[in-house]
Amino acid sequence: MAKTLSNLTAALLETAEDLHGADLLSDDTFEKITLRHLGPEAPPTAVPLSAEEIRSVREKAHLSQAALARYLNLTTGYISQLERGTKQAKGPVLAMLNVIRRKGLEVIL
C-alpha cells in the first residue's frame, strides 16, 4: 500500500531533493531524510543521461532544441550544451528528461 504524504512532507522531500541536486546536502543526509519519510521503498533517483541519450530523447519526441528548451523552460543554448556534453543535466532538468525518456513528451503537456 502506497504511503500518502502530507503537503508538508512532500515540500520537505522536494526541498531535500533540490538541495541534494545542488550538492548542498550530503548523500547520507539525503538518504536519511528520504528513508525517514518514504520508507525503504523510496522511488529511484533520476538516471544520469549522456549527451547522445539527451539528443535521442529530443529526436524521439520530434522536437527541435528550441522546442524542447521551451517545454522545459530552458534556453536553447543550454540544450545544445547538454547535447554536446559540455554541461551535465542535474536536478529537475535531469528528472524531467528521464520522465520524457520513459513515458514520452505527452506526460508533461
Which residues, counting only those in the range 11-30, are surrounded by 11 or more Cβ atoms within 10 Å (Cβ to Cβ) and closer than 16 Å to Ala95 by Cα? Leu13, Glu14, Thr15, Ala16, Glu17, Asp18, Leu19, His20, Gly21
Taking the range 64-86 as the region of interest, how many residues are buried (at least 16 other Cβ atoms within 10 Å of the Cβ), without any contact (Cβ under 8 Å) to a residue 24 or more places away in the chain and assigned to a loop (DSSP other than H, G, I, E, B)? 1
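Listed here are the residues, each with its yes/no results for (1) modelled with pLDDT under 80; (2) on the phi < 0 side of the Ramachandran plot.
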{"position": "Leu5", "(1), (2)": "yes, yes"}
{"position": "Leu13", "(1), (2)": "no, yes"}
{"position": "Glu17", "(1), (2)": "no, yes"}
{"position": "His20", "(1), (2)": "no, yes"}
{"position": "Thr29", "(1), (2)": "no, yes"}
{"position": "Thr34", "(1), (2)": "no, yes"}
{"position": "Gly39", "(1), (2)": "yes, no"}
{"position": "Pro43", "(1), (2)": "yes, yes"}
Return yes when Arg101 is in a helix (DSSP H, G or I) and surrounded by fewer than 17 Cβ atoms within 10 Å (Cβ to Cβ) and no when it is not. no
The residue from Ile79, Ile100, Ile108 that alone is within 12 Å of the chain's Cα centre (by Cα) and either among the β-branched types (Val, Ile, Thr) or modelled with pLDDT under 95 (or both) is Ile100
Can you tell which of Ala95, Ala46 is within 30 Å of Leu12 (Cβ to Cβ), free of Cβ contacts under 8 Å to residues at least 60 places away in the same chain and part of a loop (DSSP other than H, G, I, E, B)? Ala46
With respect to Glu53, is the statement that it is surrounded by 14 or more Cβ atoms within 10 Å (Cβ to Cβ) and not in a loop (DSSP other than H, G, I, E, B) true? yes
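The values are calculated or read from the model by the stated rules, or taken from the named source; none is laboratory data. What you see is a predicted model; the values in this text were computed from it and never measured. No Cβ is skipped: glycine too gets one built from the backbone with ideal geometry, and neighbour counts run over all protein chains shown.
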